[in-house]
Amino acid sequence: MMLLTAVLTVWLCPAAELKIATLHPLLTEMAKELGGDAAEVVPLMPENGALHAFEPGAQQMAAAAGCKLVLACGKGVEPYLDDLREAMGGVRVLPVGDSLPDVYLPGTRVADPHWWNTPANMKRASLVLLEAMQKAAPEHAASFAANRQRYAAQMDKLDRRARLTLQSIPPARRVLVTEHAALCHFCAAYGFTPLAICGVAHEDMGNTAHLAEILTTLRKKNVPCLFAEAFGGHRLVQNLAEQTGAKVGELILDGYAKGYSTYSAVFLFNLNNIAEGLR
């Protein structure tokens, strides 16, 4: 009778769950992919949140109650992390991207924090996440590892697709002009020169001297396409395009956009638009 009671107790009790809170939609997807049924993943950034302006408030802190991990992009994307660590007490706040190599804006020591714009970086980040999840819930270590292996294979497939798609773009056209500096990691991985109209987070938006310098460079290099933020206002980019004869394309620079809910969808949107714009 005691044995039967013990068996029923084990059978009726649900498997232990690892609760994870995330500060970016791509980290939400990654955590779900690796965690499977053993993880509960709670996104803290609202769907309409702005990456460089969002900061978790009381509502987000309440949603994160009971979590063992909080996943952040790192590399300075979330300047509030020290305050968040203090507010979360003993909960581990993991800046997933901090272990990845920095890539700098050309001619500066300013690092581009948008590390997720290459599948290779996403693959590396998933290993960082795997190790943290296995430490937090060792009873699920094997399933986390198997899930991560499948995720890594998806990233490898996207990387191969990118190299095949981009190989036809000649060297003279490999200047990637974006509205703000978000694709330096992409450029380093696939052999492009990045050129940002604004800075990392639009800090040069009203700098007329900077814009004049950009205009001179665009004319000199005869850049065929300028890339604006997808689904946003294109006035500045359109103005430069009209003065240089370039066309305007769209890219999802911060890693998420309405209607593009997976990393593959975001990356392929960018990849296809870059290939079409520069080929």
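The values are calculated or read from the model by the stated rules, or taken from the named source; none is laboratory data. Model, not experiment: these values are computed from the prediction. Note that each Cβ is placed from the backbone with ideal geometry, even for glycine, and that neighbours are counted across all protein chains shown. These accessible areas exclude ligands, DNA and RNA; they are computed on the full protein's heavy atoms, side chains included. Shrake-Rupley method; radii C 1.70, N 1.55, O 1.52, S 1.80 Å.
Which ones in region 72-119 are open to solvent by less than 60 Å² (accessible area, probe 1.4 Å), of a type in the set (Phe, Trp, Tyr) and touching a residue at least 40 places away in the same chain (Cβ under 8 Å)? It would help to see each step written out before you state the result.
Applying the first criterion (open to solvent by less than 60 Å² (accessible area, probe 1.4 Å)) to region 72-119 yields 72-75, 77-78, 80-81, 84, 88-89, 91, 93-97, 100, 103, 105, 108, 111-119.
Next, from what is left, pick out any that are of a type in the set (Phe, Trp, Tyr): 80, 115-116.
Selection gives TRP115, TRP116.
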- Message: Please determine whether any residue of region 229-245 is modelled with pLDDT of 90 or more and assigned to a loop (DSSP other than H, G, I, E, B).
- Response: yes
- Taking the options LYS19, LYS32, name whichever one is at pLDDT 95 or above, touching a strand residue (DSSP E or B) at 6+ places or on another chain (Cβ under 6 Å) and open to solvent by 80 Å² or more (accessible area, probe 1.4 Å). LYS32
- Message: Restricting to region 238-267, give me the number of residues that are surrounded by fewer than 19 Cβ atoms within 10 Å (Cβ to Cβ) and in contact with a Phe, Trp or Tyr (Cβ under 9 Å, 6 or more places away or on another chain).
- Response: 3
- Query: Does any residue in region 120-142 that is more than 13 Å from GLY35 (Cα to Cα) come within less than 8 Å, Cβ to Cβ, of a residue that is aromatic (Phe, Trp, Tyr) and in a helix (DSSP H, G or I) six or more places away or on a different chain, and which pairs are these?
  - Reply: ASN121/TRP115; MET122/TRP116; MET122/TYR263; LYS123/TYR151; ALA125/TRP115; ALA125/TRP116
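Scanning region 54-71 for residues that are within 19 Å of the chain's Cα centre (by Cα) and farther than 21 Å from GLY259 by Cβ, which turns out surrounded by the most Cβ atoms within 10 Å (Cβ to Cβ)?
Pass one, region 54-71, residues within 19 Å of the chain's Cα centre (by Cα): 54-56, 69-71.
Pick out the ones that are also farther than 21 Å from GLY259 by Cβ and you get 55-56, 69-71.
Details: GLU55: 13, PRO56: 21, LEU69: 24, VAL70: 24, LEU71: 30.
Ranking the qualifying residues of region 54-71, first place goes to LEU71.
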- Restricting attention to region 163-186, the residues that are within 21 Å of ASP102 (Cα to Cα) and among the small types (Gly, Ala, Ser) number exactly 2
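Results for (1) open to solvent by 20 Å² or more (accessible area, probe 1.4 Å); (2) in contact with a Gly (Cβ under 6 Å, 6 or more places away or on another chain); (3) assigned to a helix (DSSP H, G or I); (4) of a type in the set (Val, Ile, Thr), shown as yes or no for each residue.
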residue	(1), (2), (3), (4)
CYS187	no, no, yes, no
PRO194	yes, no, no, no
THR216	yes, no, yes, yes
ASN273	yes, yes, yes, no
